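Asker: Please find one structure pasted underneath; my questions will follow.
The values are calculated or read from the model by the stated rules, or taken from the named source; none is laboratory data. Just so it is clear, the model here is predicted, and its values are computed rather than measured. Positions of Cβ are generated from backbone atoms using ideal geometry, with glycine treated the same way; all protein chains shown enter the neighbour counts.
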Amino acid sequence: MKLNKIYKIGRIGIGLTLVFLVSCNAQKTISLKKKQLSDMVYPLLDTENSRWFYFSSASRPFGMVNLNPDTEIKGDWGGGYKYTTDTVKGFSHVHEWQMSGVSVMPVTITAGNKPTIFKDFYSKFSHQNEIITPGYHSIKLERYQITAELTSTQRVGFHKYTFPIKAQKAVLFNLNTILGPCENANGKLEKNNDYELSGSLVLSTNFRRPKPLTVFFKIKTNEPITSIERDNLTGNYLVNFNKTKEQILMKVGISYTSIENAGNNIETELPHWDFNKTVDDSRKVWSDLLGRIKIEGGTQTDQRRFYTDLWHALQGRKIISDANGAYPDNTGEKFRLGQLPLNADGKPKFNHYNSDAFWGAQWTINNLWGLVYPEIMEEFVYSLMQYYKDGGMIPRGPSGGNDTYVMTGASATPFIVSAIQKGIVKEDLEEIYIALKKNHMPGGIMEKAGYEHNTNIGGGLKYYLEKGYVPYPLPEGNFGSHEDGTSQTLEYAYQDWTLAQLAKKLNHEEDYNYFIKRAKNYQNVFDAKIGWMRPKNVEGKWRENYDPYQYENGFIESNGAQSTWFVPHDIEGLAVLMGGKEKAVEKLNAQFETAKKQKYTSGTSHDAELHPEFSRIPVNFGNQPSIQTSNIFAVLGRPDLAQYWTRNVVKETFSGLSPATGYNGDEDQGLMGSLNVLLKLGLFQMNGGTDQDAVYQIGSPIFNKITIDLNPKYYSGKTFTIKANNNNAENVYIKDIKFNQKAVPKFSLSHQEITNGGEMILEMSNQPKLEK
């Protein structure tokens, strides 16, 4: 489909974006002549509930540099760019999982502010004087009357500052401060020559990342630096320029290995000084990736929200390796510089990544990346294996070159198994299997609770192996976060099932039988008398006075009603425990009827889950544990209810464009964005695509036509197209499905069928079609 067809409906939406984000004067600062697909993105979504790594503007997909203004600098939650705060406190280059750093601020120096500028440099701004589009951010600093424009390559921030005429120009480097999740300390800056600076700072340890990390940087300017001043009290540096020219361009290359590599990142990625070209290149990179999925139909808001969701699915989990493949390895007792393997052309075979947890990835990036972006999924598998080669363990949420042990279980197992089952990763399968198996056994990551760095008790694995469940409470005490035994049992059982599928693929029959038996452990925490998953103590006694709607009562970031359905590998077996499919359907349907009153979420922000009036909701699409629930109906033989409830969730919860909401404050680096995309496409994989055929359940798409471009390096088909005839807000049910002119009786297709290419035609109706 040609691009102009996409904008047949979307043009008005783009115009509204620019009116909302841009004043007429500000728009003159850069040419946004030719509209691109990336202009459909609404970057301000949910920014009232921002998080340090959540917001992104002047960044590339998965870029090491994540450059944007900070309006709040203290604290992970609520930090970074928060829409409701009207003061810029700097432009920092690192917004990542447990990492931050290199904050700069252009200022004008006057006789009045010179004595205090080192500690008093914040500036008001207005959203009316702001342009935000993927890869670019422009903002006017009212205090200094400076227009600051930001863009970047993967590892280099590019700044363009337009100062008032004849102003005394300077850039403040706030290198010793608190930014988001950690302190920046020991900041140093020195002048190499009149056009170049270099420096470093240390990211101090925190609860989640207990080892320090140094950020090195190289600065290049197009105008001569006249002097550098350092304030002993704050540790800030003021870099002064002369008054002759109105504009200053500045490149900031960063590295986690050396100043030399920071400079090499600049030379490799940004050898020129053409700011507008860099903006255009960035917009094109985003538009090309977003353009893998082309849509027709729906409202202009639907289309813009869809591409905003897709944008979020591609911006979390940042690169930590340099352009030459050097990377920080913090997995051992001593820090070391690692080197990624190189191709014949001398370039790294893959990038190395920082990442929040893969907790919940089985219903999100597993499915989306595996179908639309297999090259990204493959890179992440190689990166996870690099951690294993360095430190002996596949991580579940690495930061700064080592695992943070965020969340629980072996959450990377379904991700890697899915990549193998889909044929994305084909080499070294035995080595990968050995690495994954290690995590599921004593001494592996399953033994560790959240952020449990120094012990191996909180995961309760020894009880899981001896008794078939993890007790709640853990009798030994607290050793980490999320020691919620019932949820841990459910997670381990699912993850064991996914590892069993790989064991079967590789003909490890004994291992297959062992792990498939463990996969049944979910049955040990289901209380048939009350029909809910229920915590057990170490003596095997059910928790007394149990309330399935009490939040985190043996369950991780959820309640028992929500997590009872966390059996993605054996929904039919769960239904048997509930008395059969009909009773299971009736039970889940009643939960949705109740959850509808709260729009299927525990409030509009992550912390709202803790409030009693929100936390008792039986289905919560605002956090990962129950985001699969509407698609459970399809596995239970009621695809009509899956279609109805999924469309309703999308309509009520994931359709708006507002700074006030969007993902309810808990996007988690692409997970909720990916979920939204999948629900709107009508494609889902209940077990995370980890079975032999990697089957997709076919749901109700919100668009009339969807075309997915398939990567020819991985898949034989050119495109997979979905046409939904007679589709509208009322016609949410699928009356008939044909794929390549053949009937699809079970509302499902395999990964291979889809990636071989073709056209699926859905006949939509306002009446459900029940399976016989």
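Asker: Just checking, how many residues over the range 170-206 are in contact with a Gly (Cβ under 9 Å, 6 or more places away or on another chain) and either more than 17 Å from Trp97 (Cβ to Cβ) or in a strand (DSSP E or B) (or both)?
Answerer: Count: 24.
Asker: Which ones in the range 709-735 are over 15 Å from Leu679 (Cα atoms) and outside any loop (DSSP other than H, G, I, E, B)?
Answerer: Selection gives Asp709, Thr719, Phe720, Thr721, Lys723, Asn725, Lys735.
Asker: Give me the residue from the range 616-642 that is in a helix (DSSP H, G or I) and touching a Gly at 6+ places or on another chain (Cβ under 9 Å) and, out of that set, surrounded by the fewest Cβ atoms within 10 Å (Cβ to Cβ).
Answerer: Of everything passing the filter in the range 616-642, Pro625 is surrounded by the fewest Cβ atoms within 10 Å (Cβ to Cβ).
For (1) under 30 Å from the mean Cα position of the chain (by Cα); (2) farther than 24 Å from Trp565 by Cα; (3) among the charged types (D, E, K, R), each residue gets a yes or a no:
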site: Ile432; (1), (2), (3): yes, yes, no
site: Lys437; (1), (2), (3): yes, yes, yes
site: Gly444; (1), (2), (3): yes, yes, no
site: Tyr451; (1), (2), (3): yes, yes, no
site: Gly468; (1), (2), (3): no, no, no
site: Asn478; (1), (2), (3): yes, yes, no
site: Asp484; (1), (2), (3): yes, no, yes
site: Glu509; (1), (2), (3): no, yes, yes
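Asker: Just to be sure, is Asn589 in the same structural domain as Glu483 (by TED's automatic domain parsing), on the phi > 0 side of the Ramachandran plot and more than 28 Å from the chain's Cα centre (by Cα)?
Answerer: no
The rows are residues; the columns are (1) among the polar types (S, T, N, Q); (2) surrounded by fewer than 24 Cβ atoms within 10 Å (Cβ to Cβ).
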position	(1), (2)
Gly291	no, yes
His312	no, no
Lys318	no, no
Leu340	no, yes
His352	no, no
Ser355	yes, no
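Asker: Which residues, counting only those in the range 420-469, are charged (D, E, K, R) and on the phi > 0 side of the Ramachandran plot?
Answerer: Passing the criteria: only Asp428.
Asker: Next up: Are there any pairs, at least 6 apart or on different chains, whose C-beta atoms fall under 7 Å, with the first in the range 254-270 and surrounded by 20 or more Cβ atoms within 10 Å (Cβ to Cβ) and the second part of a helix (DSSP H, G or I) and among the β-branched types (Val, Ile, Thr), and if so, which?
Answerer: Hits for this filter: Leu270/Thr278.
Asker: While we're on this one: Hey, could you check the range 452-490 for residues that are touching a helix residue (DSSP H, G or I) at 6+ places or on another chain (Cβ under 7 Å), within 18 Å of Asn559 (Cα to Cα) and polar (S, T, N, Q) and say which is surrounded by the fewest Cβ atoms within 10 Å (Cβ to Cβ)?
Answerer: Ser487
Asker: Still on this structure, I have one more. Given the range 233-298, what strands (runs of 3 or more DSSP E) lie entirely inside it while holding 2 or more residues that are under 28 Å from the mean Cα position of the chain (by Cα) and modelled with pLDDT of 95 or more?
Answerer: Those strands (runs of 3 or more DSSP E) span 247-255, 293-296.
Asker: Of all residues in the range 222-232, count the ones that are surrounded by fewer than 19 Cβ atoms within 10 Å (Cβ to Cβ) and either of a type in the set (Val, Ile, Thr) or part of a strand (DSSP E or B) (or both).
Answerer: Matching residues across the range 222-232 total 5.
Asker: Does the range 411-427 contain any residue that is assigned to a loop (DSSP other than H, G, I, E, B) and more than 24 Å from the chain's Cα centre (by Cα)?
Answerer: yes
Asker: Hey, among the residues in the range 60-79 that are closer than 15 Å to Pro134 by Cβ and out of contact with any helix residue (DSSP H, G or I) (no Cβ under 8 Å at 6 or more places or on another chain), which one's surrounded by the most Cβ atoms within 10 Å (Cβ to Cβ)?
Answerer: Filtering first and then ranking leaves Val65.
Asker: Take the conditions farther than 26 Å from Thr498 by Cβ and either part of a strand (DSSP E or B) or assigned by TED's automatic domain parsing to the domain that holds Gly423 (or both) and apply them to Gly665. Does it pass?
Answerer: Spelling it out, Gly665 is indeed farther than 26 Å from Thr498 by Cβ and either part of a strand (DSSP E or B) or assigned by TED's automatic domain parsing to the domain that holds Gly423 (or both).
Asker: For the range 733-772, which residues satisfy the criterion of being under 17 Å from Tyr696 (Cβ atoms) and in contact with a Lys or Arg (Cβ under 6 Å, 6 or more places away or on another chain)? Break it down stepwise before answering.
Answerer: Going residue by residue through the range 733-772, those that are under 17 Å from Tyr696 (Cβ atoms) are 734, 737-740, 742-762.
Matches in the range 733-772: His751, Gly757, Ile761.
One line per residue, one yes/no per condition, for (1) touching a Leu at 6+ places or on another chain (Cβ under 8 Å); (2) farther than 23 Å from Lys504 by Cα; (3) in a loop (DSSP other than H, G, I, E, B):
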site	(1), (2), (3)
Thr331	no, yes, yes
Ala344	no, yes, yes
Glu378	no, no, no
Asp390	no, yes, no
Val406	no, yes, yes
Gly409	no, no, yes
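Asker: Further, regarding this structure: Does the range 396-404 include one or more residues that are small (Gly, Ala, Ser) and in a helix (DSSP H, G or I)?
Answerer: Among the residues of the range 396-404, not one is small (Gly, Ala, Ser) and in a helix (DSSP H, G or I), which makes the answer no.
Asker: If you check Gly485, Gly443, Gly450, Gly460, which single one turns out to be of a type outside the set (S, T, N, Q), assigned by TED's automatic domain parsing to the domain that holds Tyr546, free of Cβ contacts under 8 Å to residues at least 24 places away in the same chain and farther than 30 Å from Leu710 by Cβ?
Answerer: None of the others qualify; the one that does is Gly443.
Asker: Tell me the residue from Ala519, Ala493, Ala503 that is buried (at least 21 other Cβ atoms within 10 Å of the Cβ) and either more than 29 Å from Ser558 (Cα to Cα) or not assigned by TED's automatic domain parsing to the domain that holds Tyr551 (or both), please.
Answerer: The conditions single out Ala503.
Asker: Separate question: Gly485 - would you say it is modelled with pLDDT of 95 or more, over 22 Å from Asn366 (Cβ atoms) and in contact with an Asp or Glu (Cβ under 6 Å, 6 or more places away or on another chain)?
Answerer: No; evaluated as a whole, the condition is false for this residue.
Asker: What's the number of the only condition in (1) without any contact (Cβ under 8 Å) to a residue 60 or more places away in the chain; (2) within 24 Å of Val650 (Cα to Cα); (3) assigned to a strand (DSSP E or B) that Lys738 fails to meet?
Answerer: For Lys738, the failing item is (2).
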